[in-house]
Amino acid sequence: MSLITGQEAILLTIGGVAAATYALRFGGLLLSERLPKSGGFNEFMAALPGTILLSLVIPGIFSAGPGGWLAALATAGVAHKTGNLFISMGLGMAIVAIQRNFLA
Amino acid sequence: MNHSNFWDYFRKGALANLPVAASVAAYGSVLGVLAAQKQISWPVLLMMNLSIFAGSAQFVMVDMWVAPLPIIEIILAATAINLRYLLIGASLNPVFQGSNLVQKSVVMHFVADENWAVTMAAHRRGAASPGFLLGGGICLGMVWCCGTLAGHQLGAVINDPRMFAMDFAFLAVFTALAVSLWRGKSDLLPWLTAAAVSIGADQLLPGKWYIAIGGVSGALVPALRSWYRREGP
């Protein structure tokens, strides 16, 4: 438990993420003339945001059970139809909450 | 660009981002609740908001926040999530035509997905500028701080967050965000690959390596397709 309250560990973690994030933001702008506009590298970088977010959620949904699967499907469906982040998120949470409170 | 013109654009950018700001505040409050459940103090949360200012990466950080803090793993996972900023930064090049390095270096810190999208839409109408981008960023930053800190207060009084499906909020937010990144049928094979590999990596490897491994595997599919087309038979 000593490390989580350790100021150094917290500062190092936040500082590291902040530095990397800023480097990507500013670096992208500075390198914009030099980054390839087509070809494999470009295809890779363009596909990455979607595949990263998907990899972030799929294992969690996979292990969440049928209630979680239904909630994730509903969230994805409403997000696709409405494009509204908050409504889609609220619906997914509501389905899981109902399942846990009344059906579990 | 003269001085008053910059602040005129700043005001327009802030106003143009108000509709998305409501959504940002709402999911910010969810992040605040989750942070409170992980015993992250509000000054630490505020420091994250101001220094990182990237919602998706902050959700991942809070999710991975356990003792002892896995510093390298968190930095790598958050960086993998934020790799898209390299492309976002590159795409803003035409908006910054004629501005100096100092202005670029300051304004770029305040670029988030939402004000970037609003700015690119305005750019197509010829109505975008660094001031517009910064105005949106400051507007979202203020709302982000208010939302997360309000959620943090709320999180301290919720006894059983599982009953409100708070732990599912993270998955729901990112499922919705992922859907918004779907580019059509050509994404099917990359996404199936990412899904299968991430589940496999989650079963076989400790920690959160499945995020980067699944994401890179999926993104390699269109890259290999492109290389094969060029070099292929």
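Values in this text are rule-based calculations from the coordinates and carry no lab data. These numbers come from a predicted model, not from an experiment. Glycine also receives a Cβ, built like all others from the backbone with ideal geometry; neighbour counts cover every protein chain displayed.
Listed values, structure above:
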| quantity | calculated |
| --- | --- |
| Within straight-line cross-link reach of B:Lys12, lysines at Cα separation under 27 Å, skipping those fewer than 8 residues along the same chain | B:Lys104 |
| Radius of gyration and Dmax over the Cα atoms of the range B:73-180, both given in Å | 17.1, 54 |
| Kirkwood Rh, angstrom, chain A [1 / mean 1/r, Cα pairs] | 17.5 |
| Shielding score for A:29-36, defined as the mean number of other chain Cβ atoms within 10 Å | 5 |
| Diffusion constant of the range B:3-164 at 20 °C, which comes from Stokes-Einstein with the Kirkwood Cα-pair radius and 1.002 mPa s, µm²/s | 129 |
| Equivalent ellipsoid semi-axes - Cα gyration tensor, the range B:127-233, angstrom | 35, 25, 11 |
| 20 Å-binned pair-distance histogram of the protein assembly as shown (Cα, whole percent) | 30, 60, 10, 0 |
| Per residue, the convex hull volume that the Cα atoms of the range B:1-76 enclose (Å³) | 118 |
| Over the range A:54-104: Rg over Rh, Cα atoms, Kirkwood Rh | 0.98 |
| Bins of 10 Å from zero: percent of alpha-carbon pairs in the range B:182-233 | 27, 42, 25, 6, 0 |
| Cα-centred dipole magnitude for the protein assembly as shown, charges only on beta-carbon of K, R (+1) and D, E (-1), debye, nearest 20 | 780 |
